[in-house]
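**Student:** Before I ask anything, let me first share the structure, which is written out below as structure tokens.
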Amino acid sequence: MLRFAHMNQPPAALVTGASRGLGRGIAAACARIGWSVAIHFQGNEAAARETQLICAALANRPNQKFPLVHGNLAVAEDRQRLFDQTLADLGRLDALVNNAGMAPRVRADITEAGEASYDEVMTVNLKGPYFLSQLAARHWLRHPGACPLPGGYKLVFVTSISAHTASVNRGEYCLSKAGLSMAVQLWAARLANSGAQVFEIRPGIMATDMTAGVKAKYDDLIAQGLVPQRRWGQPDDVGLCVAAILGGQFPYSTGQVFDVDGGFHLRTL
């Protein structure tokens, strides 16, 4: 928080999918380090208001703000509207955290999976954040040097171990996260000399609504050592990583992947 004491306004972030799960953990972490946060949600306004209350309770600067912004990231008009609303409500945008995403509504073997599920997952998980990032990048390019944070503006993508780990009963999800991982590299290369940093956070097996239906399965696998640290990941684990990035702890890095997976990515014999 002291790092931003020289700023007239708190730095501001838009966190997508912030009503619950990882997004809530990220929004809370941002509030804790003195940031204002636009809390994006699509359908669950009640949960978004809970996140808003949590952030307000954690705020440590009197002028921090936590507006709710609603919209379907898969729809171009919604993306533009919620982006414009964020700027109107917060007066600035120093970071975009692309967290929102979905799993297939029905897990199906790739020999049986349908195009409708593929199109929905790819549009929400990949197309939406790709083009929302385009809006942020254009805004930042029009306002060079307006972000006083170490390393400049921050563009963060929350992907998944599914970016490199095959699950044949949810192929569309794996493809969307692998594509998002490449989007990180593309935006990092484009913005590296323009005062903006780009990072990928790659969570592992996380305790969220998305994994609630397979909890027993992963409890057993974790106990057997699938995750070297032998525990579930929590939203706060991802939040702490985002807070370090937004706090300017990596000013000479971009395109970096942060594995938040309890060591899942390790290859051991």
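The values are calculated or read from the model by the stated rules, or taken from the named source; none is laboratory data. The structure displayed is predicted, hence computed values, not measured ones. Positions of Cβ are backbone-derived with ideal geometry, glycine not excepted, and every protein chain shown enters the neighbour counts.
Matching residues to (1) of a type outside the set (D, E, K, R); (2) touching a helix residue (DSSP H, G or I) at 6+ places or on another chain (Cβ under 6 Å); (3) farther than 14 Å from ALA95 by Cα; (4) assigned to a loop (DSSP other than H, G, I, E, B):
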site: GLY225; (1), (2), (3), (4): yes, no, yes, yes
site: GLN229; (1), (2), (3), (4): yes, no, yes, yes
site: ASP237; (1), (2), (3), (4): no, no, yes, no
site: VAL242; (1), (2), (3), (4): yes, yes, no, no
site: GLY248; (1), (2), (3), (4): yes, no, no, yes
site: SER253; (1), (2), (3), (4): yes, no, yes, yes
site: ASP259; (1), (2), (3), (4): no, no, yes, no
site: GLY263; (1), (2), (3), (4): yes, no, yes, yes
site: ARG267; (1), (2), (3), (4): no, no, yes, yes
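**Student:** While we're looking at this one, here's another question. Could you grab me the full set of residues in segment 164-187 that are touching an Asp or Glu at 6+ places or on another chain (Cβ under 9 Å) and over 16 Å from THR123 (Cα atoms)?
**Tutor:** VAL168, ASN169, VAL184, GLN185
**Student:** Considering only segment 184-203, I want to know if a residue exists there that is more than 14 Å from the chain's Cα centre (by Cα), within 25 Å of ALA18 (Cβ to Cβ) and of a type in the set (Phe, Trp, Tyr).
**Tutor:** yes
**Student:** Only one of (1) in contact (Cβ under 8 Å) with a residue 12 or more places away in the chain; (2) under 15 Å from the mean Cα position of the chain (by Cα) is not met by ALA244, so which one is it?
**Tutor:** (1)
**Student:** A further question follows. Can you confirm whether GLN185 is in a helix (DSSP H, G or I), touching a residue at least 12 places away in the same chain (Cβ under 8 Å) and within 24 Å of ARG142 (Cα to Cα)? Please lay out each step first, then the result.
**Tutor:** Working: in a helix (DSSP H, G or I): yes; touching a residue at least 12 places away in the same chain (Cβ under 8 Å): yes; within 24 Å of ARG142 (Cα to Cα): yes.
It is true that GLN185 is in a helix (DSSP H, G or I), touching a residue at least 12 places away in the same chain (Cβ under 8 Å) and within 24 Å of ARG142 (Cα to Cα).
**Student:** Still on this structure: Sort through ALA29, ALA13 and tell me the only one that's under 17 Å from LEU240 (Cα atoms), within 19 Å of the chain's Cα centre (by Cα), in a strand (DSSP E or B) and modelled with pLDDT of 95 or more. Show your work before the answer.
**Tutor:** Working: ALA29 fails: in a strand (DSSP E or B).
Residue meeting the stated conditions: ALA13.
**Student:** (1) in contact with a Cys (Cβ under 6 Å, 6 or more places away or on another chain); (2) in a loop (DSSP other than H, G, I, E, B): which one isn't true of VAL106, the others all being true?
**Tutor:** The number of the failed condition is (1).
**Student:** So which of ALA116, ALA166, ALA137 ends up being in a helix (DSSP H, G or I) and free of Cβ contacts under 8 Å to residues at least 24 places away in the same chain? So that I can check it myself, show each step before the final result.
**Tutor:** Working: ALA166 fails: in a helix (DSSP H, G or I); ALA137 fails: free of Cβ contacts under 8 Å to residues at least 24 places away in the same chain.
Result: ALA116 is the single residue among ALA116, ALA166, ALA137 that is in a helix (DSSP H, G or I) and free of Cβ contacts under 8 Å to residues at least 24 places away in the same chain.
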